[in-house]
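A.B. asks: Quick one: this structure, given as structure tokens, is what I'll be asking you about.
The values are calculated or read from the model by the stated rules, or taken from the named source; none is laboratory data. Everything numeric in this text was worked out from a predicted model, so none of it was measured. Backbone-built Cβ (ideal geometry, glycine too); neighbour counts: all protein chains shown.
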Amino acid sequence: MLHGDIGLELGQRVAGALKAALDVEITPEQAIVRPSAPGRGADYQCNAAMSLGKQVGKSPRELAQLIVDHLDAADIVTTPEIAGPGFINFTLTESWLAAEARTLLSDDRLGVPATDDPGRYVIDYSSPNVAKEMHIGHVRTTVIGDCFVRLLEFAGHEVIRRNHLGDWGTPFGMLIEHLLDEGWTAESASSIADLDGFYKAARVKFDSEPEFAERARARVVKLQGGDEQTLTLWRGLVAESEKHFAEIYRLLGVKLTKEDSIGESFYNPFLADTVEELTAKGLTKISDGALCVFPPGFVNREKEPLPIIVRKSDGGATYGTTDLAGVRYWTQERKVTDLLYVVGLPQQQHFQMVFAVGEQAGWLDGDHRARYLGFGSILGSDGKMFRTRAGGTVKFIDVLTEAVDRAAEVVRGRAELDAQEQAEVARAVGIGAVKYADLSTDREKDYVFDWDKMLATEGNTSVYLQYANARILSVLRKAEREPGDEILVEQAAERALVLKLLQFPAALAGSVETYAPHKLCGYLYETATAFSSFYENCPILKADTEERQASRLALARLTSRTLVLGLSLLGIDAPTRL
Ligand code: ARG
């Protein structure tokens, strides 16, 4: 298959027919060939006759007939049928399905083509704040961002991971003063166990003791001025926080490492030039003593233009200055083609404004694109923000620990696993459940955090997929022969499974194009259920001929490889025994 995508393959043939019949040129995408709804009696459906009829001066049915008459696709489909106002229904032939499935047996990429237009992506994700513990609010950005890294790398792009740590700004004055008051040094700072407690104590002091607040402000000036003692203490705090972040990333199995920490402070050397360039391009204005950029089209409720402040009246830079410096740095210095930002929906407008200014400044254009990828909230069973029973913020680390503990209950007592394996499986199941619950929800929607639902062994969960895979592997172990290298497509359930397996490239492409991991999740779930009805209807170990057995074992292995690859792109491990 040329495209790895059956719909595009047929689209190409439809385009060929149009060219032959009317000398009209369209792309395979414009042929609009999609999988048919279940129960329609066909595999794919072409909708192009409806959208193109007018353009070529024919009724949709006439045009559909012309396409069918000129179609050269007998190697793929049986004679197409025209239905309703002018749909063309395609049914794939068993011999084509069998031959295509056979090519997958020896293809590491399971039919997925590498991109022919590789880009250089930088993905801003996770991005917690220093001197604070990661909490439930960081789960989605970390899990979704990591999935994008994997999907884009697999597609063949260069991907730079960017952990935009909040490691700079006014809070550090108060944190460093508090550090000194409490007798910490730069070395010992990297052993503050209770970061949140430390932050809160500093904040309380800042709010209640004017003398402390005064010192804190003076300390910010020292920090920004590059005072060595202050910087050393600051580094201690950052190092301590990074230890905490690294522990979470390790437990979670995401690809972020210390090398990916490119925090706000990184952009300090570029801030002045960024502001200068914006000013030179005539984009800045003084407003209330602050230097601002007003990107067109952004107004507040009173319809007054909204600014990004790039230099406060006290001369300091802001969160916005840093993000603008970031757009400039990544596009101009590092020549990335695509900037992605996986940040919660409350910051949507901020990024829209930053991108608008980036375009005005000429940093963003057709070759350097920025895209904001927001996500909904994680809710508790009461439909409000997910909180602890006591009403506090849920710590990220506690979610992970509880997930693994609960998963241990699910897998406990499996006779075939020793203690060490049980622990590994519990980790894969527990962490997988947290990730999958997140990824299988439409990114922009909220979802309710529900342990029982995410760890259910039936339904669209990672545990279900992990079980399905482990069961397949157990069948393969029990078999007395190796899977064959021919595929037979005989039974309906067999045919349905083969078709599903061949749809992996299209499912993946759909997920990547719209940054929608839930589409891949849905596909994997359908694949696992297709396998389970194949397994019920088509005996494998007890197949009546050797040929059938060899083919069914090959299909079983192909299904397992699809599930394992799909899960790995979501960042989820698939234990071999479960
Ligand atoms: N540290 C910020 C927060 O916790 C998120 C940073 C997002 N990335 C960015 N480039 N502004 O809200």
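A.B. asks: Based on what the data block shows, is residue 197 more than 16 Å from the ligand (Cβ to nearest atom) and either under 18 Å from the mean Cα position of the chain (by Cα) or part of a helix (DSSP H, G or I) (or both)?
C.D. replies: It is true that residue 197 is more than 16 Å from the ligand (Cβ to nearest atom) and either under 18 Å from the mean Cα position of the chain (by Cα) or part of a helix (DSSP H, G or I) (or both).
A.B. asks: Counting just the residues of the stretch 521-545 that are hydrophobic (A, V, I, L, M, F, W, C) and touching a residue at least 60 places away in the same chain (Cβ under 8 Å), which one comes out nearest to residue 465 (Cα to Cα)?
C.D. replies: Start the filter on the stretch 521-545 by keeping residues that are hydrophobic (A, V, I, L, M, F, W, C), which leaves 521, 524, 528, 530-531, 534, 538, 540-541, 543.
The next check asks that each one be touching a residue at least 60 places away in the same chain (Cβ under 8 Å); those that pass are 521, 528, 531, 540-541.
Values: 521: 10, 528: 6, 531: 11, 540: 20, 541: 21 Å.
Only one residue fits best here, namely 528.
A.B. asks: Taking the stretch 293-352 as the search range and keeping residues that are outside any loop (DSSP other than H, G, I, E, B) and at pLDDT below 95, which one is farthest from residue 369 (Cα to Cα)?
C.D. replies: 346
A.B. asks: Can you tell me which residue within the stretch 46-76, out of those that are in contact with a strand residue (DSSP E or B) (Cβ under 9 Å, 6 or more places away or on another chain) and over 15 Å from residue 16 (Cα atoms), is surrounded by the most Cβ atoms within 10 Å (Cβ to Cβ)? Walk me through it before giving the result.
C.D. replies: First pass over the stretch 46-76, keeping only residues in contact with a strand residue (DSSP E or B) (Cβ under 9 Å, 6 or more places away or on another chain): 46-50, 60-61, 64-65, 67-68, 71, 73, 76.
Filter again for over 15 Å from residue 16 (Cα atoms), leaving 47, 50, 60-61.
Numbers: 47: 17, 50: 18, 60: 21, 61: 17.
Ranking the candidates gives 60 first.
A.B. asks: Among the numbered criteria (1) among the hydrophobic types (A, V, I, L, M, F, W, C); (2) modelled with pLDDT of 95 or more; (3) within 14 Å of the ligand (Cβ to nearest atom); (4) within 23 Å of the chain's Cα centre (by Cα), which one does residue 399 miss?
C.D. replies: (3) is the only condition that residue 399 fails.
A.B. asks: In the stretch 311-323, how many are away from the ligand (no atom under 16 Å from the Cβ) and either touching a helix residue (DSSP H, G or I) at 6+ places or on another chain (Cβ under 7 Å) or in contact (Cβ under 8 Å) with a residue 60 or more places away in the chain (or both)?
C.D. replies: 2
A.B. asks: Taking the conditions exactly as written (away from the ligand (no atom under 16 Å from the Cβ) and surrounded by fewer than 16 Cβ atoms within 10 Å (Cβ to Cβ)), does residue 305 satisfy them or not?
C.D. replies: yes
A.B. asks: Out of (1) within 30 Å of residue 353 (Cβ to Cβ); (2) touching a residue at least 40 places away in the same chain (Cβ under 8 Å); (3) in a helix (DSSP H, G or I); (4) out of contact with any Pro (no Cβ under 9 Å at 6 or more places or on another chain), the odd one out for residue 241 is which?
C.D. replies: All conditions pass for residue 241, except number (4).
A.B. asks: Residues being under 15 Å from the mean Cα position of the chain (by Cα) and of a type in the set (Phe, Trp, Tyr): count how many of those fall in the stretch 370-388. Walk me through how you get there before you give the answer.
C.D. replies: Narrowing the stretch 370-388 to residues under 15 Å from the mean Cα position of the chain (by Cα): 371-376.
So of that shortlist, the ones also of a type in the set (Phe, Trp, Tyr) come out as 372, 375.
Adding up the residues that qualify gives 2.
A.B. asks: Anything in the stretch 551-578 that is out of contact with any helix residue (DSSP H, G or I) (no Cβ under 8 Å at 6 or more places or on another chain) and either outside any helix (DSSP H, G or I) or surrounded by 20 or more Cβ atoms within 10 Å (Cβ to Cβ) (or both)? List them, or say none.
C.D. replies: 551
A.B. asks: Pick from the stretch 10-54 the residues that are out of contact with any Leu (no Cβ under 7 Å at 6 or more places or on another chain) and of a type in the set (Lys, Arg): which of them is nearest to residue 505 (Cα to Cα)?
C.D. replies: 34
A.B. asks: Which ones in the stretch 105-163 are within 16 Å of the ligand (Cβ to nearest atom), acidic (Asp, Glu) and under 17 Å from residue 565 (Cα atoms)?
C.D. replies: Across the stretch 105-163, the qualifying residue is only 146.
A.B. asks: Further question: Residues being touching a residue at least 60 places away in the same chain (Cβ under 8 Å) and farther than 22 Å from residue 119 by Cβ: count how many of those fall in the stretch 324-355.
C.D. replies: 2
A.B. asks: Determine, yes or no, whether residue 399 is touching a Pro at 6+ places or on another chain (Cβ under 9 Å) and either closer than 20 Å to residue 571 by Cα or free of Cβ contacts under 8 Å to residues at least 12 places away in the same chain (or both). Walk me through it before giving the result.
C.D. replies: Numbers: touching a Pro at 6+ places or on another chain (Cβ under 9 Å): no; either closer than 20 Å to residue 571 by Cα or free of Cβ contacts under 8 Å to residues at least 12 places away in the same chain (or both): yes.
So residue 399 does not fit the description; no.
A.B. asks: Of the residues 543, 507, only one is at pLDDT 95 or above, among the aliphatic types (A, V, I, L, M) and assigned to a helix (DSSP H, G or I); which? Step through it out loud before you land on a result.
C.D. replies: On the way: 543 fails: assigned to a helix (DSSP H, G or I).
Only one candidate qualifies: 507.
A.B. asks: Can you say whether residue 248 is in contact (Cβ under 8 Å) with a residue 60 or more places away in the chain, in contact with a Phe, Trp or Tyr (Cβ under 7 Å, 6 or more places away or on another chain) and within 24 Å of residue 399 (Cβ to Cβ), as far as the supplied structure shows?
C.D. replies: For residue 248, the condition - in contact (Cβ under 8 Å) with a residue 60 or more places away in the chain, in contact with a Phe, Trp or Tyr (Cβ under 7 Å, 6 or more places away or on another chain) and within 24 Å of residue 399 (Cβ to Cβ) - is met.
A.B. asks: Identify all residues within the stretch 324-372 that are within 15 Å of the ligand (Cβ to nearest atom) and among the polar types (S, T, N, Q); write none if there are none.
C.D. replies: Those that are within 15 Å of the ligand (Cβ to nearest atom) and among the polar types (S, T, N, Q): 331, 347, 348, 349, 352.
A.B. asks: Given the conditions (1) loosely packed, with under 15 Cβ neighbours inside 10 Å; (2) closer than 26 Å to residue 490 by Cα, which single one is not true for residue 43?
C.D. replies: Answer for residue 43: the failing condition is (1).
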